[in-house]
Protein chains: 2
Amino acid sequence: MKAKIKVTLKNGVLDPQGKAIEGALGSLGFAGVNSVRQGKFFEIDVAEIDKSKAHEAIKQMCEKLIANTVIENYDIELS
Amino acid sequence: MKAKIKVTLKNGVLDPQGKAIEGALGSLGFAGVNSVRQGKFFEIDVAEIDKSKAHEAIKQMCEKLIANTVIENYDIELS
């Protein structure tokens, strides 16, 4: 199964990279940009074909390696 | 409007970061991982409330700053 994982910073966590992009968009002439937040995106292809088992495995991967759960949230989408 | 943007490497473009994660997952004991690809994820909040105008503006931002269209694809989702 293929999993798409979005890892985003939790609310309240400073995002200097997002702020830099916001500033750069302003410099490029884009008006009306209220905020930019940057996160990470992963596509993982696992051999497991059972949806719930695959979800559990991906969740473990997120907790142990892919996301820093102190400051980040993750969202798993299986297909 | 809020836009969620996924930026992924095009097929055929080497992804050493994804390969490193794949190796690390193996070392952590996760079996059956076929492939890992890493991308980027952005949440942009724009003042524009017209959906098609917002989409056009976000598309311009992607082309000019957010994605390197030589090696990356981007996918815009408005809400």
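Here are the numbers for the structure shown:
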| quantity | calculated |
| --- | --- |
| Selection from A:Ala57, A:Phe30, A:Ala3 lying farthest towards where the dipole of chain A points positive, charges on Cβ | A:Phe30 |
| All aspartates and glutamates inside 12 Å of B:Lys2 as judged from Cα atoms, apart from same-chain residues fewer than 8 positions distant | B:Glu43, B:Asp45, B:Glu48, B:Asp50, B:Glu77 |
| Table column - 3J(HN,Hα) (Hz), segment A:17-34, Karplus curve with 6.51, -1.76, 1.60, x for Gly and Pro | 5, x, 4, 5, 5, 4, x, 5, 4, x, 4, 7, x, 7, 9, x, 8, 7 |
| Rounded D (µm²/s) - chain B, Kirkwood Rh over Cα pairs, Stokes-Einstein at 37 °C, 0.692 mPa s | 231 µm²/s |
| Per-residue ³J(HN,Hα) for segment A:48-55, Karplus 6.51 cos²θ - 1.76 cosθ + 1.60, θ = phi - 60°, Hz, x for Gly and Pro | 3, 9, 7, 4, 5, 5, 4, 4 |
| Estimated Rh, the protein assembly as shown: Kirkwood, alpha-carbon pairs, angstrom | 16.6 Å |
| Contact surface B-A: accessible area buried, both sides summed, square angstrom, 1.4 angstrom probe | 2700 Å² |
| Shielding by other protein chains, A:40-53, mean Cβ within 10 Å | 5 |
| Long-range amide H partners of B:Glu72 with built H, under 5 Å | B:Lys10 |
| Nonlocal amide H pairs with A:Gly39, under 5 Å, H built at 1.01 Å | B:Phe41, B:Phe42, B:Glu43 |
| Inter-centroid distance (Cα atoms) of segment B:2-20 relative to segment B:33-69, Å | 13 Å |
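The values are calculated or read from the model by the stated rules, or taken from the named source; none is laboratory data. Please read all numbers here as calculations on a predicted model, not as lab measurements. All Cβ positions, glycine included, derive from the backbone under ideal geometry; neighbour counts span all protein chains shown. For accessibility, only protein heavy atoms count, side chains too; no ligands or nucleic acids. Shrake-Rupley method; radii C 1.70, N 1.55, O 1.52, S 1.80 Å.
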